[in-house]
1. Filter the range A:63-74 down to residues that are open to solvent by 30 Å² or more (accessible area, probe 1.4 Å) and at the interface with another protein chain (Cβ under 7 Å from one of its Cβ atoms), then give me how many there are.
2. Quick one: residue A:62 ticks every box in (1) in a helix (DSSP H, G or I); (2) more than 11 Å from DNA strand D (Cβ to nearest atom) bar one, so which box is it?
3. Can you name the condition, by its number, that residue A:212 falls short on among (1) closer than 16 Å to residue A:275 by Cβ; (2) at pLDDT 95 or above?
4. Out of (1) open to solvent by 10 Å² or more (accessible area, probe 1.4 Å); (2) not in a strand (DSSP E or B), the odd one out for residue A:328 is which?
5. Please find, within the range A:264-284, the residue that is surrounded by the most Cβ atoms within 10 Å (Cβ to Cβ) out of those that are within 14 Å of chain B (Cβ to nearest Cβ) and among the aliphatic types (A, V, I, L, M).
6. Scan A:82, A:91, A:154, A:61 and give me the residue that is of a type in the set (Lys, Arg), within 20 Å of residue B:117 (Cβ to Cβ) and more than 16 Å from DNA strand C (Cβ to nearest atom).
7. If a residue must be under 18 Å from the mean Cα position of the chain (by Cα) and modelled with pLDDT under 95, how many such residues does the range A:161-194 contain?
8. Pick from the range A:230-263 the residues that are within 14 Å of another protein chain (Cβ to nearest Cβ) and among the polar types (S, T, N, Q): which of them is nearest to residue A:73 (Cα to Cα)?
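The values are calculated or read from the model by the stated rules, or taken from the named source; none is laboratory data. Treat the numbers as computed from the prediction; the structure is a model and nothing was measured. Glycine also receives a Cβ, built like all others from the backbone with ideal geometry; neighbour counts cover every protein chain displayed. With ligands, DNA and RNA removed, areas are computed over all heavy atoms of the protein, side chains included. Shrake-Rupley method; radii C 1.70, N 1.55, O 1.52, S 1.80 Å.
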Number of protein chains: 2
Amino acid sequence: MKRKITLKHIARELEVSISTVSKALKNSDEISRDTKDKVQAFAKLYNYKPNNIAISLKNKRTKNIGVIIPDIVHHFFTTVFRGIEKYANKRGYNVIVCVSDESFDKEVINMEMLANGSIDGFIMSLSAETQAKNDFNHLKEVTEQGIPLVLFDRVTDEILCDKVILNDREIAYEAVDSFIKAGRKKIALITTESYFNVSISRAKGYEEALLANNIDLNDDLVIVLPYDNLDEKQIGDFFKDNDIDAVLCVNEIFAIHCMGMAQKLGFKVPEDIAFIGFTDGILSKYSKPRLTTVAQHGDKMGELSAEMLIDRVENESEETEEVFRTEVIEATLIKRESTIN
Amino acid sequence: MKRKITLKHIARELEVSISTVSKALKNSDEISRDTKDKVQAFAKLYNYKPNNIAISLKNKRTKNIGVIIPDIVHHFFTTVFRGIEKYANKRGYNVIVCVSDESFDKEVINMEMLANGSIDGFIMSLSAETQAKNDFNHLKEVTEQGIPLVLFDRVTDEILCDKVILNDREIAYEAVDSFIKAGRKKIALITTESYFNVSISRAKGYEEALLANNIDLNDDLVIVLPYDNLDEKQIGDFFKDNDIDAVLCVNEIFAIHCMGMAQKLGFKVPEDIAFIGFTDGILSKYSKPRLTTVAQHGDKMGELSAEMLIDRVENESEETEEVFRTEVIEATLIKRESTIN
DNA sequence: AGATACTACGAAACCGTTTTCGTGTTAATA
DNA sequence: TATTAACACGAAAACGGTTTCGTAGTATCT
C-alpha cells in the first residue's frame, strides 16, 4: 500500500526545501531548470497530487458547493441536481448534497454541518416545513456570514440572495388558456397547501387566465391535496360532484393519480376531461394517455443556479454593494395526448 | 457581515493562549472552571464553530464520503443514494456525489478529483463504459492508496473490496418460476448488453429456472436492447415473430416500454402476456396494468454500503489482513396486475 | 524549610500547502 | 576592485485547529 506522498517527502528525498519543491512543481522561474526537472520527474514518478484539504485551508476556498434539496427521489429535483453537478464539475467544483426530507430541522442541521468551512456556497430549495413555518433564520445566518446562497424554485422574499425561479404564473396562465382555446370552460385546479410559493403563483396564473376569458372563478373547482398520502375518495368525489372538463395539476403525481381516478370513474381523457400537469417526468411520458405537461427544465435551472453561485463565490472580492438577481426560467408546455381532442 | 470567528480571535480577546481556548472548549480538566466558563460563554456569544477544514487537515479525516454513480435520474440509483445519504448523515458524514454519466473517462476524472484528500472513502457503481472496457486501474489505484471502497450493484471481480449486490440470479429464477407456476411456458427475456454483471446474473437465473422446469432454452426468446434509444420496430417484431406468454425485463423502462408495445399490438396483459420488470420505480406503480416488479431495495443497499464503508474508514487502524465482504440484498417480487390472471 | 505534587496555563510542533522575504553565490557593471 | 544585479534557493509565517510537553506558582507533606 503506497501512502499518499507529500511535498515534505519529495523535499527530503531530493535534499531540497519544501518551498523549492512547491515552486518547482508550479514551474516558478525562481527555480533552475535542473531542479525543476528533477522535482517534476520525481513527482510524476510517485504520482504526487497536492492535498486538497491543505489547499482549501490555505486558500479559504474548498471548491465544494453545498446543495440542500427537499427530496432526491423526485424527478424535478433530480434533474436540477444533475444540472448543478454537471456545471459545477465543469468549473472544477464538487457537490455535497444533503436532503432535508421536507423537514425544517434537517434543513437547519444540514446547513450548519456545511457552513463551517466545508463549502464555498449553497444552492437550495426550501423544505415544505420551512415554507410552512416561515422561519428563515438559518438562511439569514449563512448570508450574514458572507456565504453565497442561491435559492431555486421554492424561494422566499424574506431572504436577499440570488434566485432562480420558473415563470409559474405565466405558464399556468398559458396552460389554462390552452384549455379555453380548445373550448373547455369548466376548468379545475388541483394544488397543494398554499405555503408553497410555487403553488400560489400557479393558482394566480390559473385565476388570471379564467378572468381574462370572462370565466367566473369557482372555488368548488379548486381542490387542495396533501403533498403525499392521497385520499382516493376525496379525489373521486371531486370528479363526481363537479362538472369538470379540464384539470390543471401542480405536480406530476397529482396529475397521473387524478387522471387515473377520473378514468376509473368512466371519464374519457381527453374527450371528457383534459389534463395538464407540472413536471415533465417519466410518468408523463409513459402514462395512458400520455400526459401534457409543463416542462420545468430542471437541468437548465440547476446549471444557471450553479453558474450564479460560482460566479459570486469567485468574485466575492469585488465588495461592491451586493446586488442580487432573480433569474426566470421559461417553462414550456409539452403537448401530448391528455389534451388533444 | 460578521465573519467567522476563530480560536485565535477568542484567545486574543480573552488574553489567554490559543491552546487554553481549545482545551477550555473541550472541557479539558486541565483548565480552571473560571477560565472554561469565560471561554465557553464568549464562544457561545459569538457562535464559534470549529473550522471543518482545519480539523480535517489535522485528523486526516474529512468525514466526507464520495459517491460515484452512473446516473442520478434513475430510480434505483436515486434510492440507493438516498439510503447512503441518510445513513451517512446519521454518522456525521457528508456525501459528495459525482455522476459518471455511464462514461469511463468521467468516472476516472471524478475519482481523481476526490481521491486527493476530499473524501475518506468511495461508494460506487460502475459505469457502463467501464464495464464494457473492463479497465479498473482507477479503482486499483485508489484501493492501493488505502482508500476504502465499496462497490454496489454493478461490481467486478477484478477489484478486491467490499461489495453490496442483489441476489439477481435467485430473484430472476423466482420470477421465471412464478411464470411457470402460473402455467406459462413461452417465456422471453429482455435484457441489455452482457457486459453488465447484473444482466448476466439475471440471464442465468432465467435459464436455470427454465431448465429446472424442463423447458428448453430458445435463443429467439432472448432479446438484447441498447440501454437507451429503444427501437420500436425491433420490439414490435419481437412480439409479432415469436409466440410469447410471459416476459422478464431486466429494468423498468424496458418493461414499461415493451408492455406498452405489446398492448399496442393487441396483446392483453396479463391474459396473453404477463410482464415482470426489475426496479420497483414509480412507473411500475402507475402503469396500466400496474407492473409486477423486482424490488431492489435501493435504500437498504445504500444504507448497507454506507455502513460498510464508514465502519472500514473508522477501523482502518486495525491493520489486520484485510478481509472483504460481499453482502447480498434480498430482492423481493412485488406482485401486481401484470402477472395476475 | 526543603522536597514533592498539583494546578493551570502557554509554547511549540504538527497536518500539507503557498507565499513572502531574506541571503549566499555568481556574474555583470562601473 | 568594489558595487550591483540576477539567480537559485531556504526559512518562516500563515491557514485553523489539536495535542504534547514544559513550567511557574501554589499547596501539601515531612
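1. The first filter runs over the range A:63-74 and keeps only residues open to solvent by 30 Å² or more (accessible area, probe 1.4 Å), leaving A:63, A:71, A:73-74.
Retained after the next criterion (residues that are at the interface with another protein chain (Cβ under 7 Å from one of its Cβ atoms)): A:73.
Final tally of qualifying residues: 1.
2. Going through (1) in a helix (DSSP H, G or I); (2) more than 11 Å from DNA strand D (Cβ to nearest atom) one by one, residue A:62 breaks only (1).
3. (1)
4. So the condition that residue A:328 fails would be (2).
5. Start the filter on the range A:264-284 by keeping residues that are within 14 Å of chain B (Cβ to nearest Cβ), which leaves A:264, A:269, A:275, A:277, A:279-284.
Now narrow it down to the ones that are among the aliphatic types (A, V, I, L, M): A:269, A:282-283.
Values: A:269: 21, A:282: 20, A:283: 24.
Filtering first and then ranking leaves A:283.
6. Details: A:82 fails: within 20 Å of residue B:117 (Cβ to Cβ); A:154 fails: within 20 Å of residue B:117 (Cβ to Cβ); A:61 fails: more than 16 Å from DNA strand C (Cβ to nearest atom).
Every option except A:91 fails the conditions.
7. Number of matching residues: 0.
8. A:251
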